[in-house]
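Asks: Below you will find the structure I want to go over with you.
The values are calculated or read from the model by the stated rules, or taken from the named source; none is laboratory data. No experiment lies behind these values; they were computed from the predicted model shown. FYI the Cβ positions are ideal-geometry reconstructions off the backbone, even for glycines, and counts take in every protein chain you see.
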Amino acid sequence: EPEVTQTPSHQVTQMGQEVILRCVPISNHLYFYWYRQILGQKVEFLVSFYNNEISEKSEIFDDQFSVERPDGSNFTLKIRSTKLEDSAMYFCASSEASIGAGEWFFGPGTRLTVL
Amino acid sequence: DQQVKQNSPSLSVQEGRISILNCDYTNSMFDYFLWYKKYPAEGPTFLISISSIKDKNEDGRFTVFLNKSAKHLSLHIVPSQPGDSAVYFCAARSSGSARQLTFGSGTQLTVLP
(Lines give C-alpha, C1' and ligand atoms only; values in the text may rest on other atoms or scores of the structure.)
Protein backbone atom coordinates (compact mmCIF):
# COMPACT_ATOMS: atom_id res chain seq x y z
CA GLU A 1 0.00 0.00 0.00
CA PRO A 2 1.42 3.41 -0.91
CA GLU A 3 2.45 5.58 1.99
CA VAL A 4 3.85 8.98 2.83
CA THR A 5 7.41 8.83 4.08
CA GLN A 6 9.34 11.40 6.09
CA THR A 7 12.99 11.93 6.94
CA PRO A 8 14.58 12.23 9.37
CA SER A 9 12.50 10.60 12.07
CA HIS A 10 14.16 12.78 14.70
CA GLN A 11 16.03 16.05 14.23
CA VAL A 12 17.87 17.85 17.01
CA THR A 13 19.06 21.38 16.35
CA GLN A 14 20.29 24.45 18.15
CA MET A 15 18.07 27.50 18.45
CA GLY A 16 18.63 29.82 15.52
CA GLN A 17 19.72 27.09 13.13
CA GLU A 18 17.95 26.24 9.91
CA VAL A 19 16.29 22.87 9.48
CA ILE A 20 14.80 21.13 6.49
CA LEU A 21 12.25 18.40 6.99
CA ARG A 22 11.69 16.08 4.07
CA CYS A 23 8.66 14.20 2.85
CA VAL A 24 7.86 11.96 -0.09
CA PRO A 25 4.11 12.12 -0.72
CA ILE A 26 2.14 9.37 -2.39
CA SER A 27 3.09 9.47 -6.05
CA ASN A 28 -0.27 10.23 -7.71
CA HIS A 29 -1.34 12.76 -5.11
CA LEU A 30 -1.60 16.40 -6.04
CA TYR A 31 -2.10 18.13 -2.71
CA PHE A 32 0.52 18.28 -0.01
CA TYR A 33 0.37 19.49 3.56
CA TRP A 34 2.37 20.08 6.68
CA TYR A 35 0.87 19.75 10.13
CA ARG A 36 2.52 19.85 13.51
CA GLN A 37 1.71 18.61 16.99
CA ILE A 38 3.38 20.21 19.97
CA LEU A 39 3.62 17.73 22.83
CA GLY A 40 0.32 17.49 24.64
CA GLN A 41 -1.48 19.73 22.16
CA LYS A 42 -3.65 19.31 19.10
CA VAL A 43 -2.51 18.51 15.60
CA GLU A 44 -2.39 21.90 13.86
CA PHE A 45 -2.49 22.80 10.20
CA LEU A 46 0.52 24.70 8.85
CA VAL A 47 0.28 24.85 5.07
CA SER A 48 -1.17 23.27 1.96
CA PHE A 49 0.56 23.16 -1.41
CA TYR A 50 -0.82 22.53 -4.86
CA ASN A 51 0.50 23.08 -8.35
CA ASN A 52 3.83 24.32 -7.00
CA GLU A 53 2.40 27.02 -4.83
CA ILE A 54 0.95 27.51 -1.40
CA SER A 55 -2.84 27.29 -1.49
CA GLU A 56 -3.56 27.91 2.19
CA LYS A 57 -1.51 28.62 5.27
CA SER A 58 -2.23 29.15 8.93
CA GLU A 59 -1.07 32.01 11.12
CA ILE A 60 1.60 29.67 12.50
CA PHE A 61 3.23 29.56 9.08
CA ASP A 62 5.08 32.87 9.26
CA ASP A 63 8.10 34.14 7.33
CA GLN A 64 10.38 31.69 9.13
CA PHE A 65 8.70 28.82 7.31
CA SER A 66 8.83 27.89 3.67
CA VAL A 67 7.88 24.88 1.58
CA GLU A 68 9.20 23.57 -1.65
CA ARG A 69 8.76 20.71 -4.06
CA PRO A 70 12.28 20.69 -5.45
CA ASP A 71 12.25 17.68 -7.73
CA GLY A 72 8.76 16.35 -8.37
CA SER A 73 8.88 13.74 -5.63
CA ASN A 74 10.10 15.41 -2.45
CA PHE A 75 8.19 18.00 -0.48
CA THR A 76 10.17 19.95 2.08
CA LEU A 77 9.48 22.23 5.02
CA LYS A 78 12.23 24.68 5.93
CA ILE A 79 12.43 26.58 9.16
CA ARG A 80 14.98 29.34 8.72
CA SER A 81 15.85 30.21 12.30
CA THR A 82 14.44 27.72 14.74
CA LYS A 83 12.98 28.76 18.08
CA LEU A 84 12.45 26.67 21.18
CA GLU A 85 8.69 26.72 20.56
CA ASP A 86 9.18 25.05 17.17
CA SER A 87 9.87 21.79 18.98
CA ALA A 88 7.09 19.46 17.86
CA MET A 89 6.18 16.48 15.71
CA TYR A 90 5.86 17.60 12.12
CA PHE A 91 3.57 15.54 9.92
CA CYS A 92 3.51 15.64 6.17
CA ALA A 93 0.30 14.61 4.41
CA SER A 94 -0.93 14.26 0.88
CA SER A 95 -4.27 13.82 -0.82
CA GLU A 96 -5.47 13.01 -4.28
CA ALA A 97 -8.71 14.88 -4.54
CA SER A 98 -9.45 18.54 -4.77
CA ILE A 99 -12.74 19.64 -3.29
CA GLY A 100 -14.59 16.61 -2.13
CA ALA A 101 -14.10 13.38 -0.29
CA GLY A 102 -10.36 13.17 -0.39
CA GLU A 103 -8.53 11.32 2.27
CA TRP A 104 -5.52 12.95 3.76
CA PHE A 105 -2.72 10.39 4.19
CA PHE A 106 -0.20 11.25 6.87
CA GLY A 107 3.43 10.31 7.18
CA PRO A 108 4.95 8.98 10.41
CA GLY A 109 6.27 12.38 11.40
CA THR A 110 9.59 14.04 12.20
CA ARG A 111 10.24 14.88 15.81
CA LEU A 112 12.02 18.23 15.89
CA THR A 113 13.81 19.14 19.09
CA VAL A 114 15.19 22.67 19.37
CA LEU A 115 17.75 23.16 22.12
CA ASP B 1 -9.46 27.82 19.40
CA GLN B 2 -11.92 25.05 20.28
CA GLN B 3 -13.76 24.60 17.00
CA VAL B 4 -13.49 20.82 17.32
CA LYS B 5 -13.78 19.36 20.79
CA GLN B 6 -13.29 15.89 22.11
CA ASN B 7 -14.27 16.18 25.72
CA SER B 8 -13.21 12.71 26.82
CA PRO B 9 -9.42 12.39 26.96
CA SER B 10 -9.70 8.66 27.58
CA LEU B 11 -12.09 5.73 27.28
CA SER B 12 -11.75 2.10 28.35
CA VAL B 13 -13.97 -0.70 27.05
CA GLN B 14 -13.96 -4.47 27.21
CA GLU B 15 -13.02 -6.46 24.17
CA GLY B 16 -16.08 -7.35 22.12
CA ARG B 17 -18.13 -4.44 23.43
CA ILE B 18 -18.99 -1.22 21.64
CA SER B 19 -16.67 1.79 21.79
CA ILE B 20 -18.32 5.18 21.30
CA LEU B 21 -16.09 8.18 20.76
CA ASN B 22 -17.66 11.61 20.68
CA CYS B 23 -16.81 14.88 19.02
CA ASP B 24 -18.49 18.29 19.07
CA TYR B 25 -17.89 21.22 16.78
CA THR B 26 -18.84 24.84 16.71
CA ASN B 27 -18.11 25.98 13.16
CA SER B 28 -21.20 25.69 10.99
CA MET B 29 -18.97 26.00 7.90
CA PHE B 30 -17.58 22.51 8.47
CA ASP B 31 -18.84 20.28 5.68
CA TYR B 32 -16.71 17.18 5.97
CA PHE B 33 -15.60 15.18 8.98
CA LEU B 34 -12.97 12.53 9.41
CA TRP B 35 -11.79 10.18 12.11
CA TYR B 36 -8.13 9.27 12.44
CA LYS B 37 -6.42 6.72 14.62
CA LYS B 38 -2.91 7.31 15.89
CA TYR B 39 -0.45 4.92 17.47
CA PRO B 40 2.61 6.23 19.32
CA ALA B 41 5.47 7.24 17.01
CA GLU B 42 3.23 7.00 13.94
CA GLY B 43 1.26 9.50 11.93
CA PRO B 44 -2.54 9.67 12.02
CA THR B 45 -4.20 6.91 9.99
CA PHE B 46 -7.47 7.62 8.22
CA LEU B 47 -10.40 5.54 9.45
CA ILE B 48 -13.68 6.85 8.13
CA SER B 49 -15.27 10.07 6.97
CA ILE B 50 -18.69 11.61 6.53
CA SER B 51 -20.02 14.46 4.48
CA SER B 52 -22.34 16.97 6.11
CA ILE B 53 -25.13 15.93 3.75
CA LYS B 54 -25.24 12.51 5.37
CA ASP B 55 -26.05 11.38 8.88
CA LYS B 56 -24.37 8.00 8.87
CA ASN B 57 -21.49 6.23 7.20
CA GLU B 58 -20.44 2.67 7.86
CA ASP B 59 -17.28 0.77 7.03
CA GLY B 60 -16.91 -2.65 8.56
CA ARG B 61 -16.69 -2.34 12.33
CA PHE B 62 -16.63 1.46 12.15
CA THR B 63 -19.70 3.68 11.90
CA VAL B 64 -19.74 7.45 12.09
CA PHE B 65 -22.93 9.30 12.98
CA LEU B 66 -23.44 13.00 12.35
CA ASN B 67 -26.07 15.13 14.07
CA LYS B 68 -25.85 18.50 12.36
CA SER B 69 -28.43 20.22 14.50
CA ALA B 70 -26.47 19.31 17.60
CA LYS B 71 -23.11 19.83 15.88
CA HIS B 72 -22.09 16.43 17.16
CA LEU B 73 -20.54 13.37 15.65
CA SER B 74 -19.62 10.02 17.06
CA LEU B 75 -17.56 7.03 16.04
CA HIS B 76 -18.83 3.59 16.96
CA ILE B 77 -16.51 0.60 16.91
CA VAL B 78 -18.25 -2.76 17.14
CA PRO B 79 -16.91 -5.13 18.28
CA SER B 80 -13.92 -3.49 19.91
CA GLN B 81 -10.59 -5.33 19.67
CA PRO B 82 -7.37 -4.86 21.66
CA GLY B 83 -5.66 -3.68 18.46
CA ASP B 84 -8.07 -0.75 18.40
CA SER B 85 -6.28 0.73 21.40
CA ALA B 86 -4.92 4.06 20.14
CA VAL B 87 -5.62 7.79 20.20
CA TYR B 88 -8.61 8.71 18.04
CA PHE B 89 -8.82 12.16 16.50
CA CYS B 90 -11.88 13.81 15.09
CA ALA B 91 -11.10 16.28 12.31
CA ALA B 92 -13.21 18.65 10.26
CA ARG B 93 -12.85 20.53 7.02
CA SER B 94 -14.45 23.88 6.39
CA SER B 95 -16.10 24.69 3.08
CA GLY B 96 -14.35 28.03 3.31
CA SER B 97 -10.89 26.51 3.79
CA ALA B 98 -11.12 23.30 1.89
CA ARG B 99 -7.48 22.41 2.14
CA GLN B 100 -7.03 22.35 5.89
CA LEU B 101 -8.27 20.07 8.63
CA THR B 102 -9.06 21.21 12.15
CA PHE B 103 -8.36 18.50 14.69
CA GLY B 104 -9.80 17.73 18.07
CA SER B 105 -7.52 16.99 21.00
CA GLY B 106 -7.99 13.24 20.74
CA THR B 107 -9.37 10.44 22.88
CA GLN B 108 -7.17 7.60 24.12
CA LEU B 109 -9.12 4.38 23.64
CA THR B 110 -8.03 1.34 25.60
CA VAL B 111 -9.66 -1.98 24.77
CA LEU B 112 -9.20 -4.43 27.60
CA PRO B 113 -8.84 -8.12 26.77
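Asks: Among what's in region B:85-95 and is over 13 Å from the mean Cα position of the chain (by Cα) and more than 10 Å from chain A (Cβ to nearest Cβ), pick the residue that is farthest from A:Glu56 (Cα to Cα).
Replies: In this case the residue turns out to be B:Ser85.
Asks: Shifting gears a bit: Looking at region A:23-52, which of the residues that are facing another protein chain (nearest Cβ under 8 Å) and either touching a Gly at 6+ places or on another chain (Cβ under 6 Å) or farther than 20 Å from B:Cys90 by Cα (or both) is surrounded by the fewest Cβ atoms within 10 Å (Cβ to Cβ)?
Replies: Top of the filtered list is A:Tyr50.
Asks: Output the number of the condition that B:Ala41 fails; it satisfies all remaining conditions of (1) at pLDDT below 90; (2) over 27 Å from B:Val13 (Cα atoms); (3) assigned to a loop (DSSP other than H, G, I, E, B).
Replies: Among (1) at pLDDT below 90; (2) over 27 Å from B:Val13 (Cα atoms); (3) assigned to a loop (DSSP other than H, G, I, E, B), the lone unmet condition for B:Ala41 is (2).
Asks: Of the residues B:Val111, B:Val78, which is more than 14 Å from every other protein chain (Cβ to nearest Cβ), crowded, with 21+ Cβ neighbours inside 10 Å and of a type outside the set (Asp, Glu)?
Replies: Just one listed residue meets the conditions, B:Val111.
Asks: Can you name every residue in region B:26-58 that is free of Cβ contacts under 8 Å to residues at least 60 places away in the same chain and farther than 26 Å from A:Thr5 by Cα?
Replies: Residues satisfying the conditions are B:Thr26, B:Ser28, B:Ile50, B:Ser51, B:Ser52, B:Ile53, B:Lys54, B:Asp55, B:Lys56, B:Asn57, B:Glu58.
Asks: Hey, another quick one. Out of region A:2-22, which residues are under 10 Å from the mean Cα position of the chain (by Cα) and either of a type in the set (Lys, Arg) or within 12 Å of chain B (Cβ to nearest Cβ) (or both)?
Replies: Residues satisfying the conditions are A:Gln6, A:Arg22.
Asks: Mind listing whichever residues of region B:22-47 are of a type in the set (A, V, I, L, M, F, W, C) and more than 26 Å from A:Ala88 (Cα to Cα)?
Replies: Residues satisfying the conditions are B:Met29, B:Phe30.
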